[in-house]
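Asks: What follows is a structure written as C-alpha cells; I'll ask about it next.
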C-alpha cells in the first residue's frame, strides 16, 4: 500500500512540474501517466485487485496502450528522454508475455517488471522536464517536436 501512495505522490509532483515548466512533450507524457492511473482505477473496479498469479488483462491493455502512445511521443518529440520511457514501458508489456509462459514461478518478477518501470518512468519525466528547463535557460525557446 505504501508503494501505491508513494507512486501517486511522485506522479503528482511530476505532473505539476511538467505542466508548469515543461513544453508539449512533457505535458503529454504527464497526461498519459495520469490516464494510466485513471484506467487502472477502472480496471480494478472491473477485475478486482491483481493476484500476481496470472496476467491481469486490464493491466495488459493499459500497458500496451501506454507503450503505443509513449513510443509515438518518443519518435516525434525533440527530446531524448522519452525514448527511455518507451523502453521501460516495453519491459512492462513484455512482463505480461513472460507471465503467460510461466504462471507459477514468476509472481515476484511479474510484479517487479510491471510496477517498477513505472516509478522509473515518472522519475525520467521529472529529470527530462528539469533538463528542458535548463535547456530553455541556456539556449532559449526551441522546437518541441521534430520536423516532419
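A short reminder: the numbers here are calculations on the coordinates, not readings from a lab. Being a predicted model, the structure only gives us computed values, none of them experimental. Every residue, glycine as well, gets a Cβ built from its backbone with ideal geometry; the counts of neighbours run over all protein chains shown.
Asks: I need the calculated FRET efficiency for the pair residue 42 and residue 136, taking r as the beta carbon distance and R₀ as 30 Å, to the nearest 0.05. Display every interim value, and only then the final one.
Replies: Working: r = 36 Å, r/R0 = 1.21.
The formula returns an efficiency of 0.25 here.
Asks: Run the simple label-point estimate for residue 119 and residue 21 please: 7 Å along Cα→C-beta, distance reported in nm.
Replies: So the label points at residue 119 and residue 21 sit 2.2 nm apart.
Asks: For each of 36, 1, 113, count neighbouring Cβ atoms within 10 Å of the residue's Cβ, then give the residues from fewest to most.
Replies: On the way: 36 22, 1 5, 113 18.
Final ranking by Cβ density, sparse to dense: 1, 113, 36.
Asks: Contour minus end-to-end for residue 145 and residue 75, with contour as 0.36 nm per residue of separation and end-to-end as the Cα-Cα distance?
Replies: Details: separation 70, 0.36 × 70 = 25.20 nm, distance 0.91 nm.
Additional length available on full extension: 24.3 nm.
Asks: Mind checking the angle between helix 2-21 and the chain's longest principal axis? C-alpha axes, 0 to 90 degrees, to the nearest 10.
Replies: Roughly 20 degrees, rounded to the nearest 10.
Asks: From the P(r) of region 1-119, can you give the percent of Cα pairs sitting at distances over 21 Å?
Replies: Tail of the P(r) past 21 Å holds 38 percent of the pairs.
Asks: Continuing with the same structure: Using Cα springs under 10 Å in a Gaussian network model of the chain, which residue among 20, 79, 138 shows the largest mean-square fluctuation?
Replies: So, out of 20, 79, 138, the one fluctuating most is 138.
Asks: Using only DSSP helix segments of four residues or longer, with each worth -39500 (n - 2.57), what per-residue ellipticity at 222 nm results for the chain after dividing by its residue count and rounding to 500? Kindly include the intermediate steps, with their values, before the conclusion.
Replies: Values: 5 runs with 118 residues, N = 148.
Result for the chain: -28000 deg cm²/dmol, rounded to the nearest 500.
Asks: Could you work out how much longer the chain between residue 53 and residue 109 gets when fully extended? Use 0.36 nm per residue separation minus the Cα distance between them, nm to one decimal. Mind showing how you got there, number by number?
Replies: Working: separation 56, 0.36 × 56 = 20.16 nm, distance 1.08 nm.
Net length gain for the segment: 19.1 nm.
Asks: Now for a different question. Of 15, 129, 69, which has the largest mean-square fluctuation in a 10 Å C-alpha GNM of the chain?
Replies: Between 15, 129, 69, it is 69 that shows the largest mean-square fluctuation.
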